[in-house]
1. Determine the per residue accessible area of region 1-143 with all protein chains present and a 1.4 angstrom probe, expressed in square angstrom.
2. Pull out a ≥ b ≥ c, the square roots of the eigenvalues of the alpha-carbon gyration tensor of region 1-65, then state rounded if a/c is under 1.5, prolate if not and a/b is larger than b/c, and oblate in the remaining case.
3. Among 57-63, 5-11, what's the highest-first ranking by average C-beta atoms within 10 angstrom per residue?
4. Given a 1.4 angstrom probe, I'd like the percentage of the accessible area of region 44-123 that is carbon and sulfur, rounded to a whole number.
5. In terms of the Cα gyration tensor, with a ≥ b ≥ c the square roots of its eigenvalues, is region 91-152 rounded because a/c is under 1.5, prolate because a/b exceeds b/c, or oblate?
6. Convex hull volume of the Cα atoms in region 16-128, per residue, in Å³?
7. Sorting 159, 56, 107, 123 by accessible area (1.4 Å probe), largest first, what list results?
8. 7 Å from Cα along Cα→Cβ at both residue 45 and residue 22: what's the point-to-point distance in nm?
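The values are calculated or read from the model by the stated rules, or taken from the named source; none is laboratory data. The model shown is predicted, which means the values in this text are computed figures rather than measured ones. FYI the Cβ positions are ideal-geometry reconstructions off the backbone, even for glycines, and counts take in every protein chain you see. Ligands, DNA and RNA are stripped out before the accessible areas are found, and what is left, the full protein with its side chains, is counted by its heavy atoms. Shrake-Rupley method; radii C 1.70, N 1.55, O 1.52, S 1.80 Å.
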Amino acid sequence: MSGTSAALQPPAGAVKPVRHPDAPAPGELLGAHYEHCFGCGGGQSHGLHLEARAGEGVTVTAEFVVQAAHQGAPGLAHGGVLATALDETLGSLNWLLRTIAVTGRLETDFAPPVPVGTTLHLEAEVTAVAGRKIYSTATGRIGGPSGPVAVRADALFVEVDVKHFVEHGRQAEIDAAMSDPDQVRRTRAFEVNP
């Protein structure tokens with residue numbers, strides 16, 4: 001990545017990430033953390049509907065198809081949508097750490113344009129952990145998992161408590177998520193970057 005800021009460089013003393021023993025198995029579909037998430041939820045008609053799978057170590061792979069609703073320039077994906085896809089994929093890594101974390105910083109590089117109808121193949125990895133800070137990187141490729149890189153990002157996630165979402169979220173959605181009788185869905189709603 002070109003020009004990565006000092007804020008995205010792990011400090012001395014950062015440690016190698018460790019996959020949580022209860023993390024999903026490699027190849028397992030992670031599923032949406034929240035039905036109404038723009039990145040991964042099925043409840044958003046114009047969302048990305050990004051599907052992420054656990055990889056080896058602390059990695060995930062994901063993909064999404066660029067739809068007409070995701071355009072910026074005619075026939076091309078909007079850069080903000082591509083950044084969202086990277087952010088969502090990077091946020092999915094936190095499920096492998098079993099940590100609730102939010103994006104603190106995201107730096108993105110764009111290479112060739114991504115046409116509508118393209119499947120973007122994403123891969124992300126946690127590179128280091130320092131206290132509450134989680135450092136990670138991701139790439140998005142067109143034409144397949146080994147195709148040319150179209151987008152890439154470095155990110156810093158910060159571990160938070162559930163109260164972060166309760167204090168800052170809109171009350172109607174918080175109440176709906178908290179009243180879900182399915183304990184797993186209720187917990188997952190607050191697991192990764194909103």
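1. 46 Å²
2. It comes out oblate by the Cα gyration axes.
3. 57-63, 5-11
4. 50 percent
5. It is prolate, given that a/c is not under 1.5 and a/b is the larger ratio.
6. Spelled out: Cα convex hull of region 16-128, divided by residues, is 102 Å³.
7. 56, 123, 159, 107
8. Each label point is offset 7 Å from its Cα along the Cβ direction, giving 3.8 nm.
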